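Take a look at the structure below.
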Amino acid sequence: MRIGKDLVAASATPLVLGILADGESYGYAILQRIAALSDGQLDFSDGMLYPLLHRLERLGHVQSAWGRSPEGRARKLYRLTGDGRAALAEQRKQWSVVSDALRNIWQSGPALALGEG
């Protein structure tokens with residue numbers, strides 16, 4: 001099963017902020033972490049990630065700096081700011097409401113959950 005593009009796009013910000021809450025990271029590692037967290041079911045590309053990281057940087061939610069990998073390769077590292085932590089907390093609240101609403105509708109009966117009736 002692949003997750004629809006609209007849902008992937010909607011979940012992109014909280015996913016990236018949540019990953020960066022664990023510590024600084026670079027683009028490819030973020031993509032790998034998203035793949036691991038979703039068992040490969042989220043089709044998340046660098047074409048989605050880098051514009052999102054740039055937007056989060058403009059908003060002041062992340063900061064970036066050039067660094068080197070242990071192998072000596074130059075990498076742009078991203079880390080969460082204080083504003084980013086606040087944005088992540090707000091995203092968690094919003095997604096909790098959405099998750100609860102979906103759980104409630106799906107538990108209200110099989111006919112409603114499957115679009116029957």
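Annotations
- Signed unit charges on C-beta, dipole axis of the chain, positive-most listed residue Met1, Ala74, Ala89: Ala74
- Probing with 1.4 Å while keeping every protein chain in the model, the per residue accessible area of the chain equals 66 Å².
- Summed side-chain charge close to Gly67 - residues other than Gly67 whose Cβ falls under 11 Å, Lys, Arg +1, Asp, Glu -1: +4
- Sorted peptide list for 94-100, 69-75, 46-52, criterion being average Cβ within 10 angstrom, highest first: 46-52, 94-100, 69-75
- The Cβ shell under 9 Å around Tyr78 holds other residues with a net charge of 0, Lys and Arg each +1, Asp and Glu each -1.
The values are calculated or read from the model by the stated rules, or taken from the named source; none is laboratory data. In this text, all values refer to a predicted model and were calculated from it rather than measured experimentally. Cβ sites come from the backbone with ideal geometry, for glycine too, and all protein chains shown count toward neighbours. We work out accessible area using only protein heavy atoms, side chains counted, and drop any ligands, DNA or RNA first. Shrake-Rupley method; radii C 1.70, N 1.55, O 1.52, S 1.80 Å.
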